[in-house]
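Report on the following structure.
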Amino acid sequence: MGNNGTVWLPESASTVAPEVDWLFYFVYWTSIVITLLVVGGMIYLVWKYRRKSDEDRPEPVKESKLLEISWVVVPTILVLLVFTWGFQGYLKLTVAPSNAYEIQATAFSWGWSFDYPNGASVGNELHVPVDRPVRLNMSSEDVLHSLFIPAFRVKQDVLPDRYTSVWFEATQEGEYHLFCSEYCGTQHAEMIATVHVHSQADFDEWLADAAMDEDVPLPELGERLFGQQGCQQCHSVDGTDGIGPTMQGLFGSERTMQDGEVLEADENYLRQMIINPGERVVEGYQAGVMPPYGRLSEREINALIAYIKEQ
Ligand code: CUA
């Protein structure tokens with residue numbers, strides 16, 4: 001992932017990427033040429049008009065119309081070129097083709113979930129077909145996030161209470177990074193997903209499999225959700241302490257709350273902690289760090305509890 005880029009840009013894997021890169025390199029090389037001309041000219045003139053003796057007196061400077069016109073006209077043309085190409089690219093990036101395949105993307109603190117037309121819902125993994133326009137219809141459950149796929153050269157803010165969208169057409173099968181690029185809290189840097197670009201046949205097969213959560217046993221579904229919903233970013237299953245408590249040996253143990261009350265970690269306790277984690281906080285941990293997971297279905301909550309029981 002991401003090894004085929006240049007010093008300046010990551011690998012390029014979407015239809016708009018070459019245009020974006022071309023404009024970037026136009027600005028880049030123009031800047032280098034202008035910098036060399038200005039600094040070079042400056043050094044030359046300092047050397048040419050240096051004081052040669054104590055009697056040396058400079059001659060009055062005559063203005064040059066040609067020089068003045070050219071340093072107004074040439075930069076204006078350059079800036080207008082960048083504007084024209086930039087604006088064309090912007091329009092292309094903003095308006096999705098009408099035949100685009102649509103996926104619902106939801107951002108939350110701190111992860112992503114993607115919902116497909118057939119009911120499949122996956123977290124922190126975006127699967128798309130190659131050579132086909134894909135439109136992400138995006139919203140946030142809590143604060144402002146931003147979806148950024150460097151290899152596709154797309155970035156768009158994801159807001160609560162308002163839909164935004166982004167579209168791309170991947171040109172190469174493979175795996176790519178998807179980042180959150182808006183500072184959104186303590187785990188912002190961990191809010192990373194993987195984009196899997198499949199052939200159309202592989203994508204169809206994956207999509208059919210992904211929609212079949214109903215057939216999966218609860219603990220297995222729970223394990224899947226534990227990863228997809230981002231739980232593992234704060235809660236380990238091997239006993240190591242993270243931002244949140246480990247799940248190892250949690251079920252059935254006694255937990256001391258911040259107000260001193262001792263509760264047994266049974267099914268109801270776990271359910272409460274998943275749906276409304278802000279209400280009671282275990283001693284030694286910070287309140288308000290874990291977002292509420294009320295959007296999970298009944299079956300998904302049961303699955304998570306079944307999985308945690310086994311740890
Ligand atoms: Cu979400 Cu940063």
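What full-extension length gain, to one decimal in nm, is calculated for Arg255 and Trp29 as 0.36 nm per residue of separation minus the Cα-Cα distance?
On the way: separation 226, 0.36 × 226 = 81.36 nm, distance 6.22 nm.
Between Arg255 and Trp29, full extension yields 75.1 nm more.
On C-alpha positions alone, give me the angle between the axis of helix 200-210 and the longest principal axis of the chain, in degrees, nearest 10. The answer is roughly 30 degrees.
Quick one: go through segment 109-144 and flag any residue whose amide nitrogen is under 17 Å from the point 7 Å out along the Cα-to-Cβ line of Ser199. Those under the cut-off are 128-132.
Compute the length gained on full extension between Val262 and Trp22: take 0.36 nm times their separation in residues and subtract their Cα-Cα distance, giving the result in nm to one decimal.
Working: separation 240, 0.36 × 240 = 86.40 nm, distance 6.27 nm.
Contour length minus the Cα-Cα distance gives 80.1 nm.
Distance distribution P(r), the chain, all Cα-Cα pairs, bin width 10 angstrom from 0: 5, 20, 24, 18, 12, 8, 6, 4, 2, 0 percent. The phi-based Karplus calculation (6.51 cos²θ - 1.76 cosθ + 1.60; θ = phi - 60°) puts the 3J(HN,Hα) values of segment 216-223 at 7, x, 3, x, 5, 4, x, 4 Hz, whole numbers, x for Gly and Pro.
How large, in percent, is the carbon and sulfur part of the accessible surface of segment 80-210 at a probe radius of 1.4 Å?
Details: 3200 of 6030 Å².
The value for segment 80-210 is 53 percent carbon and sulfur by accessible area.
What 222 nm value per residue comes from the helices of the chain, counting each DSSP H run with n ≥ 4 as -39,500 (n - 2.57) and dividing by all residues, nearest 500 deg cm²/dmol? Computed ellipticity for the chain at 222 nm equals -11500 deg cm²/dmol.
Protein heavy-atom surface of segment 216-309, 1.4 angstrom probe: 48% of the accessible area is carbon and sulfur, with nucleic acids and ligands not counted. Taking Cα centre as origin and charging only the Cβ of basic (Lys, Arg, +1) and acidic (Asp, Glu, -1) residues, the dipole magnitude of the chain rounds to 2180 debye.
A 1.4 Å probe run over the protein chains yields, for segment 1-68, 86 Å² of accessible area per residue, whole-number rounding. Accessible surface computed residue by residue for segment 108-254, with neighbouring protein chains in place and a 1.4 Å probe, gives 44 Å² per residue.
The values are calculated or read from the model by the stated rules, or taken from the named source; none is laboratory data. Fair warning: this is a prediction, and the values are worked out from it, not measured in the lab. So basically every Cβ, Gly included, is an ideal-geometry build from the backbone, and we count neighbours across all protein chains shown. Side chains included, ligands, DNA and RNA excluded: accessible areas come from the protein's heavy atoms. Shrake-Rupley method; radii C 1.70, N 1.55, O 1.52, S 1.80 Å.
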